[in-house]
Amino acid sequence: MLKIYSFETLPSTQKWLIEKVQDSSVEIPCAVITEMQTDGIGSRNNRWIGNRGNFFASVAILEEHLPDDLPITATSIYFACLMKNSLESFGSKVWVKWPNDLYIESSKVGGCITVKKGGVMIVGIGVNIIKAPLGFGVLDIVISPDKLLKEFLKRVKRAPSWKQIFSNFRLEFEKSKEFYTHIENERFDLTDAILNDDGSLMIGKRRVVSLR
């Protein structure tokens with residue numbers, strides 16, 4: 001059975017789990033969740049800090065247990081979609097903005113970051129359930145972080161194919177075209193972006209991949 005490590009406060013679930021994976025002090029797969037996070041990792045190395053009652057968790061899974069058809073560069077899209085599906089099962093209208101952001105209408109409510117360490121994928125996810133910093137939104141449902149993590153882990157274990165996940169993601173990609181994204185501190189307007197089958201984008205003649 002997958003072990004879940006639970007804390008009242010951590011600087012970052014992602015940093016904690018990366019450290020434990022690197023020194024081989026946890027058995028894979030496993031997950032970590034905390035009630036409060038004081039120094040989390042957000043997009044472009046921004047800090048993701050939130051209030052008690054929000055969702056802060058990371059999951060470690062062996063790369064060999066991922067779907068055979070999943071492009072390694074699409075892992076953040078894949079796991080963000082699994083979290084979206086988890087939230088939808090409780091009634092949320094959340095959607096995934098390319099490549100890894102969780103949105104309610106036009107407001108970001110969470111995100112997903114994936115790091116590869118050897119043969120282990122470490123997935124960090126944050127969701128504003130009850131309160132958000134200025135400029136961000138909150139989820140449209142009320143759910144406990146523990147309940148959400150358990151639902152997410154069920155879907156991770158089922159490991160639906162990339163083809164199955166991508167077919168739904170492609171349909172809602174049109175919403176992403178109203179926004180822009182940053183890759184390595186470079187801003188890209190998504191208005192005319194074309195989504196490739198591996199989750200990358202063609203913007204003009206340039207292929208853009210998110211590795212976060």
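At a threshold of 8 angstrom on Cα-Cα distance, excluding pairs fewer than six apart, so keeping six or more, what relative contact order does the chain reach in percent? The normalised contact order for the chain reaches 20 percent. Build a GNM of the chain with springs between Cα atoms under 10 Å: which of LEU153, LEU62, LEU171 gets the top mean-square fluctuation? With Cα springs under 10 Å in the chain, the top fluctuation among LEU153, LEU62, LEU171 is at LEU171. Going by the alpha-carbon gyration tensor, a ≥ b ≥ c the square roots of its eigenvalues, is the stretch 134-182 rounded (a/c under 1.5) or, if a/c is not under 1.5, prolate (a/b greater than b/c) versus oblate? Oblate shape, in that a/c is at least 1.5 and b/c is the bigger or equal ratio.
Checked against a 32 Å cut-off, the cross-linked pairs LYS20/LYS93; LYS97/LYS131; LYS15/LYS150; LYS147/LYS205 give Cα-Cα distances beyond that limit for LYS20/LYS93; LYS147/LYS205.
Taking VAL109, VAL156, VAL127 as the candidate residues, the one with maximal mean-square fluctuation in a Gaussian network model of the chain, Cα springs under 10 Å, is VAL156. When both bridge partners sit in the chain, DSSP labels roughly 85% of those beta bridges antiparallel. With respect to the cross-link table entries LYS117/LYS163; LYS3/LYS157; LYS116/LYS154, which display a Cα-Cα separation exceeding 18 Å? In this structure, LYS117/LYS163; LYS116/LYS154 exceed 18 Å between Cα atoms.
Please list, by residue number, every one of the GluC sites (Glu not before Pro) in the stretch 158-212 that is coil in DSSP and has at most 11 other beta-carbon atoms within 10 Å. Here the sparse-neighbourhood loop sites are GLU178, GLU184. When the chain is treated as a Gaussian network with alpha carbon springs shorter than 10 Å, the biggest mean-square fluctuation among SER24, SER86, SER58 belongs to SER24.
Per-residue SASA remark: PHE136, around 90 Å² accessible (1.4 Å probe; ligands, DNA and RNA not included). Label sites at ARG158 and GLU105, each approximated as a point 7 angstrom past Cα along Cα to Cβ, lie 3.0 nm apart.
Here the simple spin-label model places points 7 Å from the Cα toward Cβ, and for ARG170 and ILE130 these points are separated by 4.1 nm. Amide H to amide H distances under 5 Å link GLU35 with PHE7, GLU8, THR9, where only residues 5 or more positions off or on other chains count and H is placed in the peptide plane. Across the stretch 82-123, the relative contact order, built from alpha-carbon pairs under 8 Å that are at least six residues apart, equals 21 percent. Rolling a 1.4 angstrom probe over the chain with all protein chains present gives an accessible area of which 50% lies on carbon and sulfur atoms.
As a length-normalised measure over Cα pairs under 8 Å and 6 or more apart, the relative contact order of the stretch 145-212 settles at 18 percent. At full extension, HIS65 and ASP140 could sit 23.8 nm farther apart than now, given 0.36 nm per residue minus the alpha carbon distance. Each residue of the stretch 78-83 was assigned a 3J(HN,Hα) from its phi angle through the Karplus curve 6.51 cos²θ - 1.76 cosθ + 1.60 (θ = phi - 60°); the sequence is 4, 6, 4, 5, 5, 5 Hz, with glycine and proline shown as x.
Here's the list of aspartates and glutamates a cross-link from LYS177 could span, going by alpha-carbon distance under 12 Å and ignoring same-chain residues fewer than 8 apart: ASP189, ASP192. In this structure the amide hydrogen of PHE179, modeled in the peptide plane, comes within under 5 Å of the amide hydrogens of LEU190, none closer than 5 places in sequence on its chain. Couplings 3J(HN,Hα) of the stretch 134-145, computed from phi: 4, x, 10, x, 10, 4, 8, 9, 10, 8, 6, x Hz, in residue order, whole Hz [Karplus 6.51 cos²θ - 1.76 cosθ + 1.60, θ = phi - 60°; x for Gly and Pro]. Between the amide H of GLY126 and those of GLY111, distances stay under 5 Å, these residues lying 5 or more places away or on another chain, with hydrogens modeled in the peptide plane.
Counting only DSSP H runs of at least 4 residues, each contributing -39500 (n - 2.57), and dividing by the residue count of the chain, the helix-based mean residue ellipticity at 222 nm comes to -8000 deg cm²/dmol. Residue order by solvent-accessible surface for ILE61, ILE28 is ILE28, ILE61, largest first, with ligands and nucleic acids left out and a 1.4 Å probe.
The values are calculated or read from the model by the stated rules, or taken from the named source; none is laboratory data. These numbers were taken from a predicted model, which means no experiment stands behind them. Counting neighbours? That spans all protein chains shown, and the Cβs are built from the backbone with ideal geometry, glycine included. Accessible surface is based on the protein model in full, side chains and every heavy atom, while ligands, DNA and RNA are left aside. Shrake-Rupley method; radii C 1.70, N 1.55, O 1.52, S 1.80 Å.
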